[in-house]
Ligand SMILES: Cc1cc2nc3c(=O)[nH]c(=O)nc-3n(C[C@H](O)[C@H](O)[C@H](O)COP(=O)(O)OP(=O)(O)OC[C@H]3O[C@@H](n4cnc5c(N)ncnc54)[C@H](O)[C@@H]3O)c2cc1C
């Protein structure tokens, strides 16, 4: 299949090339630092469209980018002069309340997913922002409020529909193409385009939680307190410590807007009437300056911080796994966190123990099953003129915490200059991932990702 006209004919969804109405909107991704001009964007509506787009890219030897929710910080979902498989036309989520499963299109966001499952009082581990894609987040692992109790998002994956580099459609599960299924759970977008994902769900409906703000002077006690209690805390308790500039929200005293705070964002997903008791444990670490904590539907917490990360910001992030969050590591955080460059920027220290640890390191591609935390230094700001200074802030922060961390970091939080750390990210699973890559994508058609070279 050679020409764009052939591609248009074979495709049910829209095909955008430069000059077409909607091209500029279709080429845009969340991170405005990467303003690329693809040869063609295919807004796929079904697996057949994806097969056509993959065939078109392969036969024309064009770079191929895959986009779900578009949140990739290195902007893997777009490419200059190549083909973009845009899955935003495939966002349907179907829930089976009897089997407690849900099947999401490859372009669904967590907002789409949670809205559909919440109607049945069900949920699974997903991201903390509703506009992030289910596909990209799950394939990289998937960290969120519910992971201590339910495992990572990828641990709840039952099967995936996949279009591979040769344009074939496969189902991957424990029963079929189990090598591919293993690799998809942590290996990112290296193995094909996932057109649908099937998850198991758990009864989670109302949660008790929200953000609590503490003075930076108390930050060491707050982070250490969280570290010391979360290892043995009930697994229904999720959330994370963070550093954040106070946005102008009514629950924060007006004269403190713009100040940097240590935060704990809590999420108790067990029996609602135990929520206040469980969340109160955080209040013992230090006096709370402001809080917005209470009962709410799980999707409300999942979208509570969306306004801080609108499309169009500049993003540069760095990440590490942490086995022992030492007092020295916390001090390293405290040297840099006060310099947070914008209200959009944040640093999160996610606990990934509990159910995440009960999966053995070799059971899925996600290897860091003994890490207790996944840290992200998420630099986000509105003005491109600040890029050099703010990238430097992220890098020097990272350089200071890295000696207190593992060599690998969570691939979904890593930058485009982290390709040298891929082997570290997968540790003993790396060689097996290369084998699966050689089988399903020997020509490395899917190379715009944290790449596992064949
Ligand atoms: C504001 C924000 C909040 C975030 N919060 C969290 C969080 O709470 N927890 C967490 O774990 N991560 C979080 N992340 C990181 C997130 O997991 C990654 O950015 C992830 O890649 C986003 O997936 P996406 O589908 O939105 O991105 P896209 O840019 O669309 O995709 C990124 C890459 O993933 C692969 N991919 C995506 N969909 C598919 C598919 N259907 N088939 C095959 N490959 C696919 C492709 O390689 C693609 O290039 C966050 C990111 C941002 C920007």
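With a ≥ b ≥ c taken as the square roots of the eigenvalues of the C-alpha gyration tensor of the stretch 277-386, please select rounded if a/c is under 1.5 and otherwise prolate if a/b is larger than b/c or oblate if it is not? Kindly include the intermediate steps, with their values, before the conclusion.
Values: a/c = 1.39, a/b = 1.18, b/c = 1.18.
Note, shape of the stretch 277-386 comes out rounded.
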The chain: angle of helix 47-59 to the longest principal axis, Cα-based, in degrees nearest 10: 70 degrees
Roughly how many Å is it from the Cα centre of the stretch 342-365 to that of the stretch 412-451, as a whole number? 19 Å
What is the stretch 84-151 by shape, rounded, prolate or oblate, if you read a ≥ b ≥ c off the alpha carbon gyration tensor as root eigenvalues and call it rounded for a/c under 1.5, prolate for a/b larger than b/c, and oblate otherwise? oblate
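Looking at the chain, send over the antiparallel percent of its DSSP beta bridges, to the nearest 5.
About 90 percent, rounded to the nearest 5.
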Residues 313, 150, 308, 122 arranged by fewest to most Cβ contacts within 10 Å: 308, 313, 122, 150
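Normalised by the empirical 2.2 N^0.38 Å for globular proteins, what value does the Cα Rg of the stretch 206-419 take? List each step's numbers first, then the result.
Values: Rg = 16.8 Å, N = 214, 2.2 N^0.38 = 16.9 Å.
Dividing the Cα radius of gyration by 2.2 N^0.38 Å gives 0.99.
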Which of 414, 33 comes first, and how do the rest follow, when ranked by fewest Cβ neighbours within 10 Å? 33, 414
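For the stretch 213-253, just say rounded, prolate or oblate: build the C-alpha gyration tensor, square-root its eigenvalues into a ≥ b ≥ c, call rounded for a/c under 1.5, and beyond that prolate if a/b exceeds b/c, oblate if not. Write down the numbers at each step before the final one.
On the way: a/c = 3.28, a/b = 1.68, b/c = 1.96.
The shape class here is oblate.
What 222 nm value per residue comes from the helices of the chain, counting each DSSP H run with n ≥ 4 as -39,500 (n - 2.57) and dividing by all residues, nearest 500 deg cm²/dmol?
Values: 14 runs with 119 residues, N = 454.
It lands at -7000 deg cm²/dmol.
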Would you list 357, 315 from fewest to most Cβ contacts within 10 Å? 357, 315
Can I get the semi-axes of the chain's equivalent ellipsoid? Compute them from the C-alpha gyration tensor as square roots of 5 times the eigenvalues, in angstrom, largest first. 35, 24, 21
Among the DSSP beta bridges whose two residues both lie in the stretch 4-86, what percent are antiparallel, rounded to the nearest 5? 25 percent
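With an 8 Å cut-off on Cα pairs and a minimum separation of 6 or more residues, tell me the relative contact order of the stretch 4-86 in percent. Intermediate values should be presented prior to the final figure.
Details: 155 pairs, mean separation 28.1, N = 83.
Across the stretch 4-86, relative contact order equals 34 percent.
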When the chain is fully extended, how far beyond the present Cα-Cα distance does residue 32 get from residue 385, taking 0.36 nm per residue of separation? 125.8 nm
With a point put 7 Å past each Cα toward its Cβ, work out how far residue 260 is from residue 224 in nm, to one decimal. 1.9 nm
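Bear in mind these aren't lab numbers, they're just calculated from the coordinates by the rules spelled out. Only a predicted model underlies this, so the values are computations on that prediction, with no experimental measurement involved. Note: ideal-geometry Cβ built from the backbone for every residue, glycine included; neighbour counts use all protein chains shown.
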